[in-house]
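Since the structure comes first, as structure tokens, the remarks are kept for the end.
None of the figures in this text is laboratory data; all of them are computed from the coordinates on show. Please read all numbers here as calculations on a predicted model, not as lab measurements. Don't worry about glycine lacking a Cβ; one is built from the backbone with ideal geometry, like all the others, and counts go over all protein chains shown.
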Amino acid sequence: MIANEDWLVIGIITSSHGVAGKLNIKSLSDFEERFTQPGERWIQKNDEEPMLCKLTSGFQKPGKESFIISLDGVKDRNEADKLKQYKLLVKSNDIPKLKDNEFHINQLLDLDVKLSFNNELRVVGKVVDLITENNNLIVVKLSKNNKNVLIPFVKEIVTTIDEKNNFLIIDPPKGLLDL
């Protein structure tokens, strides 16, 4: 068995598509090839043990962040309907190569968040979650009051990421950290 932290959820099966067993997938990944290139994937219902499956084909819906995929062995609408709300997974070590200054979401979790005060860096919180639904936001738990704030993950605000030393530096607009 592989521990939960060894899996990445890349999508959620939302419904069947047509009568031939195709599936609608809501993408939780920035990597289209995870839904279009055939190969091993896993599906998981709730917190049950993931089951190996084979992606045979897939394409992105035009203008959408969703995909239509085919899994080996899912031959009709009834079989596809049974997979609604299953998660589509890959192993966490199956990470596409990134360009410079690109990061996988899980690389940002637990990083200290620092802010410059009078040319001195001070820890003001920790990254506790990420929201990638419509905008890329990091959820920072502030040290001073244990409250969570949402920080846009844009280079103008998150100015530096030092993964080696486990911190990132922010330059927030006035009032963003005031609660």
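On full extension of the chain, what length is gained from residue 72 through residue 9, given 0.36 nm per residue of separation minus the C-alpha to C-alpha distance?
Details: separation 63, 0.36 × 63 = 22.68 nm, distance 1.93 nm.
Taking 0.36 nm per residue and subtracting the Cα distance, the gain is 20.7 nm.
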Qualifying aspartates and glutamates (Cα of each under 19 Å from Cα of residue 147; at least 8 residues distant if same chain): 110, 112, 129, 171, 178
Selection from 165, 68, 136, by position along the positive dipole direction of the chain (Cβ): 68
Residue pairs, from the table 26/87; 87/164; 144/164; 91/155; 26/82; 114/141, whose Cα atoms sit over 20 Å apart: 87/164; 144/164; 91/155
At q = 0.09, 0.11, 0.12, 0.13 Å⁻¹, base-10 log of I(q)/I(0) for the chain (Debye sum, equal scatterers on each alpha carbon): -0.41, -0.58, -0.67, -0.75
FRET efficiency, 1/(1 + (r/R0)^6) with R0 30 Å, evaluated for residue 40 and residue 157 via beta carbons: 0.20
Estimated inter-spin distance, residue 51 and residue 131, nm [label 7 Å along Cα→Cβ]: 3.4
